[in-house]
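In what follows, a single structure is set out as structure tokens and then discussed.
The values are calculated or read from the model by the stated rules, or taken from the named source; none is laboratory data. None of these values were measured; they are calculated from a predicted model. FYI the Cβ positions are ideal-geometry reconstructions off the backbone, even for glycines, and counts take in every protein chain you see.
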Amino acid sequence: MTMTEANISIRQEEQEILNVVHNFAETVMRPVGIELDKLSDPSEAISQSSPLWHVFDKYSELGIDMFELANSGLPPNRVAMLNAMISEELGWGDSGLAISLEVSIFPKALAMLSGDSELIEQFGTGHEVGCWAITEPDHGSDIIYFGGQLKDMPGKPNCIAKKSGDFLEINGQKAAWVSNGTIAKNAALFCAVDMGDGISGMGGILVDLTQTGVSRGAPLDKIGQRALNQGEIFFENVRVPIKNMVISPELGTFGSDIGLSMANAGMGATFVGVSRAAFEFAVSYAKERIQKGVPIIEHQSVKSRLFKMYQKLESARYLARQAVLNNGMGAPDLKMSIASKVTSTQSAFEVASEAIQIYGGNGLAKAYPVEKLMRDARASMIEDGCNEVLGILAAEKF
Ligand SMILES: Cc1cc2nc3c(=O)[nH]c(=O)nc-3n(C[C@H](O)[C@H](O)[C@H](O)COP(=O)(O)OP(=O)(O)OC[C@H]3O[C@@H](n4cnc5c(N)ncnc54)[C@H](O)[C@@H]3O)c2cc1C
């Protein structure tokens, strides 16, 4: 894959798709994201009357998830590029909602990977809310780090799927940090598997979360991405057919590497959108705000600050497109997905912080848009793996 491929020009029909997504990001996601961010109780964000459901409904109507685009007749490299650009648009609208929409597809992706018509029918056809349940109360970075080699992880897993006849019986819990944890209908559950002779590694299992034995924690209250629902999922003797285990422990780190590569590349593209939003707000404010008799953009230090923001945004964007392209072309490269996620989230945090500086005191005020962007970006540096732990994992692949 070359950087030239990551820089392909956009055709008219693709631009039309992007225009539709941009309009959705601007008119639906952004206002709802701001509204949900202001709620003091995260339970209100998932109440029946919450505008969150409108976001899910409108997104389904667009018909632009990665599988729908894959069936659009466009070649895979163009589908991948569109996916990267769409994630950027969604992140530009509201990163918390973007992650909620994007992570929803994980059970569908696992079902498609299985190639099993029944699993595809059950988990791969609708637009139900989904989640990727992997981290645990006692194992956050550990799960990211040890991945498929869970048997080497210090301490006991909090969630275990144990073979019982033709079924897996799941007991335990996943962390309060599972995105869509309290609202998901289906889970791509990644947990320790015991096929009868002890824990052999991690499996990727499709679970219908509406079945008996599944319960949820309270929605998590947090600093940023407040529109993104998160919460614990508990399992008590939850039985699923063995064939629901699409990724088996024998595959070693393969399954966790693929999941993390998809998630990190998606994060990379999404948080380019946050940098872009902060950069755009900063440029337009700098052109309006007058100090010493001129718009502040006329002051050299403000110009220089804006250029550094632009530099970070563009660097993150090209890396993000390449990482998404690798995944889309069937050649996932976990190192590059991690490099993209770490670069993009770090850049989004720095660019949003610089935007606050350009806004001066107003940048700190809730009435202006940039402080929320910084809070949203701050969460992203821990989301889907702490950036420093991801860096160590990537370096182990050298
Ligand atoms: C917004 C958001 C969304 C998320 N979405 C999901 C989701 O959809 N599904 C899901 O399952 N989880 C999700 N998570 C959980 C996320 O993956 C974990 O929070 C993350 O992996 C870190 O785990 P932890 O919070 O337990 O921190 P810990 O692992 O306890 O880490 C604490 C500190 O110790 C450091 N540290 C830990 N281990 C090492 C090591 N080996 N070497 C060096 N330093 C180390 C870390 O860098 C960090 O600074 C989400 C988290 C956030 C914030």
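Checked against (1) in contact (Cβ under 8 Å) with a residue 60 or more places away in the chain; (2) loosely packed, with under 14 Cβ neighbours inside 10 Å, K287 meets all criteria but (1).
Taken as a whole, the range 140-162 holds no residue that is of a type in the set (S, T, Y), closer than 22 Å to K108 by Cα and either within 15 Å of the ligand (Cβ to nearest atom) or assigned to a helix (DSSP H, G or I) (or both).
Selection over the range 155-179 of residues that are under 19 Å from G213 (Cβ atoms), out of contact with any Lys or Arg (no Cβ under 8 Å at 6 or more places or on another chain) and buried (at least 24 other Cβ atoms within 10 Å of the Cβ) gives a count of 3. Confirm whether S100 is among the hydroxyl-bearing types (S, T, Y) and assigned to a loop (DSSP other than H, G, I, E, B). Here the answer is no, as S100 does not meet what is asked. In a residue-by-residue description of the range 341-354, the property of being exposed (fewer than 15 other Cβ atoms within 10 Å of the Cβ) and either over 29 Å from M262 (Cα atoms) or of a type in the set (D, E, K, R) (or both) applies to no position.
Would you confirm, using the coordinates I've provided, whether A161 is under 27 Å from E88 (Cβ atoms), in contact (Cβ under 8 Å) with a residue 12 or more places away in the chain and in contact with a Gly (Cβ under 7 Å, 6 or more places away or on another chain)? Break it down stepwise before answering.
Details: under 27 Å from E88 (Cβ atoms): no; in contact (Cβ under 8 Å) with a residue 12 or more places away in the chain: yes; in contact with a Gly (Cβ under 7 Å, 6 or more places away or on another chain): yes.
Taking the combined requirement at face value, the residue does not satisfy it.
Condition first: in a helix (DSSP H, G or I), under 13 Å from L228 (Cα atoms) and in contact (Cβ under 8 Å) with a residue 12 or more places away in the chain. Now tell me which residues in the range 39-62 satisfy that. Hits for the range 39-62 are A45, I46, L52, V55, F56.
Exactly one residue among G361, G385 is in a loop (DSSP other than H, G, I, E, B) and small (G, A, S), and that residue is G385.
Please indicate, with yes or no, whether at least one residue in the range 117-130 is surrounded by fewer than 21 Cβ atoms within 10 Å (Cβ to Cβ), away from the ligand (no atom under 13 Å from the Cβ), closer than 21 Å to D384 by Cα and not assigned by TED's automatic domain parsing to the domain that holds G391. Among the residues of the range 117-130, not one is surrounded by fewer than 21 Cβ atoms within 10 Å (Cβ to Cβ), away from the ligand (no atom under 13 Å from the Cβ), closer than 21 Å to D384 by Cα and not assigned by TED's automatic domain parsing to the domain that holds G391, which makes the answer no.
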